[in-house]
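Where a number appears in this text, it was derived from the coordinates with a stated rule and is not lab data. This is a predicted model, so every value here is computed, not measured. So basically every Cβ, Gly included, is an ideal-geometry build from the backbone, and we count neighbours across all protein chains shown.
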Amino acid sequence: MARSLARLPALTLALSLAASAAMAQGAPPGTPQGGQAILSDAARTLPVIAANGMISSQEAMATRIGVDILRRGGNAVDAAVAVGFALAVTLPRAGNLGGGGFMMVHLAAQNRTIAIDYRETAPAAATRDMFLDDKGEPVPAKSRDSGLGIGVPGTVRGLIHAHERYGSGKIALKDLIAPAVALARDGIAIEDDLADSLPRATARLKRQPAAAAIFTKSGEPFARGDRLVQADLAVTLERIASQGADGFYKGEVAKAIAASVREAGGGMTEQDLADYKVVERAPVTGTYRGLSIASMPPPSSGGVHLVQILNMLERYDLKALGFGSAEAIHLMAEAMKPAYADRASWLGDPDRVKVPVKGLTSKAYAAKQADAIDRSKARPADAIRAGDPLPHESDQTTHYSVVDAQGNAVANTYTLNFSYGVGLVAADTGVLLNNELDDFAAKAGAINAYGLVGGDTNSVAPGARPLSSMTPTFVFRDGRLAMVLGSPGGSRIITTVLQTLVNVVDFDMNLAEAVAAPRFHHQWRPDSLLTETGLSPDTLALLRAKGHRVTVGSTSGSVNAIMKVEGGWAGAADPRQRGTLAAGW
Ligand code: GLY
């Protein structure tokens with residue numbers, strides 16, 4: 001039970017020594033004094049350790065900005081808000097003002113965990129059939145590549161809501177936004193992720209003059225070493241810094257967003273922006289081998305299916321089977337399939353449809369689903385249907401004791417959906433817009449860009465929030481915060497978070513190893529077991545012999561995780577992308 005987390009004290013000395021060695025090699029320029037940072041190859045095997053706080057993000061400058069806020073006396077929420085605004089500048093393909101997401105907040109002093117839903121909403125003019133053609137068939141370009149697919153952004157209200165309610169009160173919003181303003185105005189070097197991702201997105205971004213003017217060099221891709229200046233975005237950030245959420249949801253910026261969406265064929269109005277609301281929700285909770293899990297509830301499917309799959313896996317001795325063994329991968333893939341089948345039938349916006357969260361996350365339901373797993377052979381997708389969680393649904397409240405933690409914590413996942421969103425910038429604002437509404441089911445049975453099958457519970461409706469897979473998650477051990485983790489990756493987010501957790505708990509990996517280890521993914525349909533490189537050919541052959549349709553490729557996750565260790569926190573940033581950084585102080 002929770003072996004890695006249980007043996008943490010024994011690990012601490014080794015980890016501390018390793019972190020010191022990494023420091024001795026020299027931290028990257030700009031690492032806050034006392035911060036410890038390791039990158040790339042070292043990050044595959046060693047987490048960073050720090051005593052007073054830790055941030056792990058997909059972009060190093062944003063991590064350092066957050067650490068600086070912590071050092072100045074800000075709490076985890078203050079730092080998370082600063083990182084959120086910074087990533088909108090430094091990681092523009094995913095960090096954003098024009099998208100939405102979910103933030104989990106753990107308040108140590110109150111022993112309270114809150115799930116903040118700032119997911120995008122469909123505009124009031126949205127209609128159920130708006131992504132269909134005259135024959136009633138889905139037209140993917142409508143949801144992925146036009147103004148119709150752009151949801152009303154939630155990020156700015158979400159970050160400001162978190163700061164107002166749960167910030168320390170010691171650091172003003174404008175001071176959290178100031179570093180992002182400077183980076184947008186002064187420009188940033190095109191390196192790491194920007195150098196990798198911008199050239200790939202140039203063809204989409206150059207179609208619109210407003211996007212081309214910022215993200216291309218006169219229509220040509222930027223090269224490594226060029227600078228990305230986002231002067232309009234700096235002005236928009238300054239408006240938010242001085243006016244709060246009104247600086248984005250009302251006035252010039254709202255007008256520009258609505259106009260740009262309409263120009264691209266959508267129906268968003270200034271009123272839609274003014275009406276946007278953040279929702280606080282009760283986290284989804286569960287247990288796994290004695291640990292407690294708190295994760296994001298609907299309209300994300302992440303927390304529900306993370307708990308559901310863990311409940312099934314708890315019935316097997318994965319440690320005895322071993323990491324990377326065909327047996328362990330087979331069982332995990334077979335547990336993933338029914339969860340994704342349920343996702344297609346049961347999940348949606350909880351403000352519109354009743355989602356049977358208690359049933360889906362109950363141990364009894366998992367037992368029933370696990371009983372259907374054949375240890376010797378893979379079940380074809382056609383043999384799996386959504387189950388019936390309703391008998392396991394109950395109004396009885398489940399209580400988990402969360403007594404204390406060493407600190408407040410945030411797990412935040414936010415997105416524009418595609419890399420650089422819909423590829424359109426709201427004119428004169430520098431704000432890249434999302435295409436999140438592709439996460440709706442265009443009609444029952446239609447698939448979205450991630451190949452996820454959608455049902456009626458996730459149909460388009462005015463004001464509705466499209467179903468997500470984002471899985472910002474806390475793990476508690478004996479009532480104390482033990483891990484904070486999450487990942488991008490569309491439909492693969494859930495299985496990415498799952499495997500990181502299982503790697504620590506069942507396979508005794510340290511956090512860096514758990515994040516870096518090769519991953520796999522099955523989402524029921526398409527009926528394909530996707531594996532990263534790094535699993536042995538023997539294992540793949542055994543999986544194929546069991547009937548799995550194995551394909552090798554990227555699972556596109558990128559985990560940023562933190563774990564409690566004696567005397568401090570271990571951090572790990574996924575080495576699959578360049579420029580990621582875990583650092584603390
Ligand atoms: N746009 C991906 C997700 O929310 O799951």
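Here are the numbers for this structure:
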{"item": "Whole-Hz couplings from phi, Karplus 6.51/-1.76/1.60, listed for the stretch 461-476; x for Gly and Pro", "result": "8, x, x, 6, 9, x, 5, 10, 10, 5, 9, x, 9, 10, 10, 10"}
{"item": "Under the Karplus curve 6.51 cos²θ - 1.76 cosθ + 1.60, θ = phi - 60°, whole-Hz ³J(HN,Hα) for the stretch 273-286, x wherever Gly or Pro sits", "result": "5, 4, 7, 4, 10, 7, 10, 8, 10, 6, x, 7, 10, x"}
{"item": "Kirkwood hydrodynamic radius of the stretch 444-577, Cα pairs, Å", "result": "16.5"}
{"item": "Long-range HN-HN contacts of LEU529 with modeled amide H, under 5 Å", "result": "ARG549, VAL550, THR551"}
{"item": "Table column - 3J(HN,Hα) (Hz), the stretch 576-585, Karplus curve with 6.51, -1.76, 1.60, x for Gly and Pro", "result": "5, 10, 7, x, 6, 7, 9, 8, x, 8"}
{"item": "Theoretical ellipticity at 222 nm over the chain - DSSP helices of four or more residues, -39500 (n - 2.57) apiece, nearest 500", "result": "-11000 deg cm²/dmol"}
{"item": "Reach of LYS377 by Cα under 17 Å, taken over lysines that are not fewer than 8 positions away in the same chain", "result": "LYS337, LYS546"}
{"item": "Mean Kyte hydropathy of 0.0 or more with a Cα span along the axis of at least 24 Å, helices from DSSP in the chain", "result": "none"}
{"item": "The chain, relative contact order [Cα under 8 Å, separation at least 6], %", "result": "25"}
{"item": "Largest-first ellipsoid semi-axes for the stretch 243-286, taking √(5λ) over the Cα gyration tensor eigenvalues, angstrom", "result": "27, 15, 7"}
{"item": "Range of Cα positions in the chain per principal axis (Å), largest first", "result": "64, 59, 47"}
{"item": "Sequence-distant aspartates and glutamates (8 or more away, or on other chains) whose Cα lies within less than 17 Å of LYS358", "result": "ASP342, ASP349, ASP388, GLU393, ASP395"}
{"item": "Net lengthening on full extension, LYS363/LYS135 (0.36 nm per residue, minus Cα-Cα)", "result": "77.8 nm"}
{"item": "Lysines whose Cα lies under 20 Å from that of LYS255, excluding same-chain neighbours fewer than 8 positions away", "result": "LYS277"}
{"item": "The stretch 412-466 shape via C-alpha gyration tensor axes, a/c threshold 1.5", "result": "prolate"}
{"item": "Distance violations [Cα-Cα > 32 Å] among LYS174/LYS443; LYS135/LYS368; LYS170/LYS217; LYS135/LYS363; LYS319/LYS564; LYS142/LYS217", "result": "LYS174/LYS443; LYS135/LYS368; LYS170/LYS217; LYS135/LYS363"}
{"item": "Estimated FRET transfer efficiency (ASP538, ARG315; beta-carbon r; R0 35 Å; 0.05)", "result": "0.85"}
{"item": "Added length on full extension, which subtracts the Cα-Cα distance from 0.36 nm per residue, SER218 to ALA545", "result": "112.5 nm"}
{"item": "Long-range amide H partners of THR287 with built H, under 5 Å", "result": "ILE293"}
